[in-house]
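What follows is a short report on a single structure.
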Amino acid sequence: MHYVYFAIFGLVVGIIARFLMPGPQPMGIILTALLGIVGSFLGGWLGSLIHGGPIDAMQPSGWIGSIIGSLLLLFIYGVVLKRRSV
């Protein structure tokens, strides 16, 4: 059941990140969930580097870190996608 909650959390974070990032992001619901999940790991890792310890995802700092990590991944995804089309 833990994996289901993590997938839902990733989907919500991915949707928020896609909403905040301007421009079109051509990805479906599964890639959006994966974006949120990987962004959550990235945000948690960055937060632990800054904070010096693990950050709980259910705290506001965990949500913000997850969204920032997802935005960073979405930016990188956009740059890579733009280079492929050129």
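Laboratory data are not the source of any read-out in this text; all were calculated from the coordinates shown. Note that the structure is a prediction, hence the values are computed from the model and not measured. Heads up, the Cβs are rebuilt from the backbone with ideal geometry, glycines too, and the neighbour counts pull from every protein chain shown.
Which whole DSSP H helices in the chain pass both tests: a Cα extent of 30 Å or more along the axis and a mean Kyte-Doolittle value no lower than 0.5?
Working: long enough: 29-51 (32 Å, 1.79); 60-85 (37 Å, 1.03).
The answer, listed by residue number, is 29-51, 60-85.
In the Gaussian network model of the chain, springs joining C-alpha atoms below 10 Å, which of I15, I76, I50 carries the largest mean-square fluctuation?
Looking only at I15, I76, I50, the largest GNM fluctuation is found for I50.
Which whole-number percentage describes the relative contact order of the chain, with Cα contacts under 8 Å and a sequence gap of 6 or more? Numbers along the way, then the final one.
Values: 111 pairs, mean separation 27.9, N = 86.
Across the chain, relative contact order equals 32 percent.
Mind giving me the nanometre distance, one decimal, between the label points for I50 and M21, set 7 Å out from Cα along Cα→Cβ?
It is 1.9 nm.
Report the Rg/Rh value for the chain, based on alpha-carbon coordinates and the Kirkwood definition of Rh. Display every interim value, and only then the final one.
Numbers: Rg = 13.0 Å, Rh = 13.0 Å.
That ratio equals 1.01.
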